[in-house]
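I have placed the structure first, in the form of structure tokens, so that the comments after it can refer back to it.
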């Protein structure tokens, strides 16, 4: 995360309906609430979004400088993959050096590294969120709720956003009723995190 | 930036809607179009929720939306609408009518490209297209600026020396759908800054003589002074009011800055690292904000360059720009719009403003990012370097240059016309 501009760029990959955009909004709330970031920006991929189609959302979080760039993020510091079926070689290749891949997968980080032949210097964090959802019967309109659990995983992989800030952010963005439920999912899923440092 | 609690994270559209709530708008009429729709959705929510006491007029088109606003404003209430692209162009006729009626309507343009081909993404073509309708026009670079400028816009438009409708423009998606930190102000403080609308009953204030009412049509009777008595003089007074509104824009900006502690350059343009600059980038909105990185990168290389981000586009601040650029050697203008058959609109407006200057800098214009094509910092830097070289040789190119085209990649085989 040694970007010259001290801006951390995050890209979230998933399918329409999985809540990529909501996840990006919660991440910037959490980053700001943590007190570690002075400026934050979240935005969807600028295009028509359809349920089931691969979609993206983005976030920029900055420790000191105001964020002025409005360009789409081509090479993120952190890639969050909500659905392993949308992954492409480019998504992995484009993660910056010393960046992080966070993925909803049944594979361990070591298995992922071999399976996708990951050679760049990145930290890998995985958790089997699909299984987590099936076990608890967590579906919204037949789509497993993966976006808020994976935010718990993010807090395990990125020191500067703590779980407590993430919980507060989920409640702030989603409201008390939905937020308390969803933040409990993030808290539980955080425990499933498997980490591989480079 | 102050404490965490004072800020909310919201999209540009929601910042605009919150400004309307703060301004206590009384009538809103709009028709949904991407990327503007969430503004009006949010306002509807405020009204249904009892947070805003306003009437939402449901209409069947943008033309009707603005017609409803014109009618409501003529009765003396504070009105608001927002639109984009084709919606704005469908309003064109009524835009002229609103200005002619001297109604202090405030409208947000969530800027979007105009078809064909179909595109919902940002550029500034829609906003620049309506520049000659007689409205004041301002551009924003971030969501806080949208909120703040909307509040200022009502105070400017409703001033008895102005009474001119006002556009506040921001980039579609790039601001409209992007979440940022926004500080919302307490209602009491806003009320102090923006008192209720005093309707423009005294036509003398607007340099208009009795008998020529901007709201009701004059009798179409042939008179000695012409078939439309006073039309010409009336249009003269509109032009004068718009010209003079620049002082009001500045004054309101300064009052706002004093009250709320946030300022945007001098209210007319914003500067970035321009103190000792010999050359400049000149741009508006998203292009200006992206250019800040370009300035940083070029400053690292020792190039004395600064950014002028134009906030007030109508009235065009000719006097201010002549003074600002009195020692400039080179100005690079990035236009996210185009005057077809000529060049970027901002570029030729600037050239025209500086024609009478003692110092005429070399001005190089580029077209960038039409239809939401991503603007890449390195592309802009390359453009600046090319402009520097052309400037040294004082070489003007006759063809408009575009940055970030993908002709080969997209298999556009059209031959360059010599």
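The values are calculated or read from the model by the stated rules, or taken from the named source; none is laboratory data. In this text the structure is predicted, and so the values were computed from the model without any measurement. Note that we place each Cβ from the backbone using ideal geometry, even for glycine, and neighbour counts take in every protein chain shown.
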Over the stretch B:374-384, the set of residues more than 14 Å from every other protein chain (Cβ to nearest Cβ) and either in contact (Cβ under 8 Å) with a residue 40 or more places away in the chain or more than 30 Å from residue A:75 (Cα to Cα) (or both) is B:383, B:384
Under 25 Å from residue B:111 (Cβ atoms) and over 12 Å from the mean Cα position of the chain (by Cα): does that describe residue A:56? no
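Yes/no per residue for (1) out of contact with any helix residue (DSSP H, G or I) (no Cβ under 6 Å at 6 or more places or on another chain); (2) surrounded by fewer than 17 Cβ atoms within 10 Å (Cβ to Cβ):
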position	(1), (2)
B:346	yes, no
B:358	yes, yes
B:361	yes, no
B:365	no, no
B:381	no, no
B:395	yes, yes
B:406	yes, yes
Would you say residue A:19 is at pLDDT below 95 and within 17 Å of residue A:169 (Cβ to Cβ)? yes
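Quick grid of which residues meet (1) within 12 Å of another protein chain (Cβ to nearest Cβ); (2) without any contact (Cβ under 8 Å) to a residue 60 or more places away in the chain; (3) closer than 17 Å to residue A:124 by Cβ:
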residue	(1), (2), (3)
A:10	no, no, yes
A:21	yes, yes, no
A:37	yes, no, no
A:56	no, yes, no
A:67	yes, no, no
A:79	no, no, yes
A:109	no, no, yes
One residue is enough: does the stretch B:110-124 have a residue meeting the conditions away from chain A (no Cβ under 14 Å), surrounded by 24 or more Cβ atoms within 10 Å (Cβ to Cβ), assigned to a loop (DSSP other than H, G, I, E, B) and in contact with a strand residue (DSSP E or B) (Cβ under 9 Å, 6 or more places away or on another chain)? no
Of all residues being in contact with a strand residue (DSSP E or B) (Cβ under 8 Å, 6 or more places away or on another chain) and without any contact (Cβ under 8 Å) to a residue 40 or more places away in the chain in the stretch B:390-416, which is farthest from residue B:362 (Cα to Cα)? Just the residue, please. B:404
Condition met for residue B:113 (on the phi > 0 side of the Ramachandran plot and at pLDDT 95 or above): no
Residues of the stretch B:272-290 that turn out to be without any contact (Cβ under 8 Å) to a residue 40 or more places away in the chain, in contact with a helix residue (DSSP H, G or I) (Cβ under 9 Å, 6 or more places away or on another chain) and away from chain A (no Cβ under 14 Å), as a count: 1
Tell me whether the stretch B:229-252 contains one or more residues that are assigned to a loop (DSSP other than H, G, I, E, B) and at pLDDT below 95. yes
Number of the exception - residue A:139 against (1) surrounded by fewer than 17 Cβ atoms within 10 Å (Cβ to Cβ); (2) out of contact with any helix residue (DSSP H, G or I) (no Cβ under 8 Å at 6 or more places or on another chain); (3) modelled with pLDDT under 95: (2)
Anything in the stretch B:291-305 that is buried (at least 21 other Cβ atoms within 10 Å of the Cβ) and more than 14 Å from chain A (Cβ to nearest Cβ)? List them, or say none. B:298, B:305
Going by the structure shown, is residue A:26 touching a helix residue (DSSP H, G or I) at 6+ places or on another chain (Cβ under 6 Å), under 18 Å from residue A:11 (Cα atoms) and within 14 Å of chain B (Cβ to nearest Cβ)? yes
Which is surrounded by fewer than 24 Cβ atoms within 10 Å (Cβ to Cβ), more than 17 Å from residue B:239 (Cβ to Cβ) and either away from chain A (no Cβ under 14 Å) or in contact with a helix residue (DSSP H, G or I) (Cβ under 9 Å, 6 or more places away or on another chain) (or both), of B:152, B:144? B:144
So residue B:387 ticks every box in (1) without any contact (Cβ under 8 Å) to a residue 12 or more places away in the chain; (2) assigned to a helix (DSSP H, G or I) but one. Which box is left unticked? (1)
Looking at the stretch B:1-103, what strands (runs of 3 or more DSSP E) fall wholly within it and have at least 3 residues that are touching a residue at least 24 places away in the same chain (Cβ under 8 Å) and within 27 Å of residue B:337 (Cα to Cα)? B:79-83
Yes/no for residue B:241 being over 17 Å from residue B:310 (Cα atoms) and crowded, with 21+ Cβ neighbours inside 10 Å: yes
May I ask you to list the residues in the stretch A:39-54 that are away from chain B (no Cβ under 13 Å) and part of a loop (DSSP other than H, G, I, E, B)? A:50, A:52, A:53
Can you list the helices (runs of 4 or more DSSP H) lying wholly within the stretch A:96-198 that have 3 or more residues being farther than 23 Å from residue A:86 by Cβ? A:163-174, A:176-190
Those residues of the stretch B:344-372 which are farther than 21 Å from residue B:324 by Cβ and in contact (Cβ under 8 Å) with a residue 40 or more places away in the chain amount to B:368, B:369, B:370, B:371, B:372
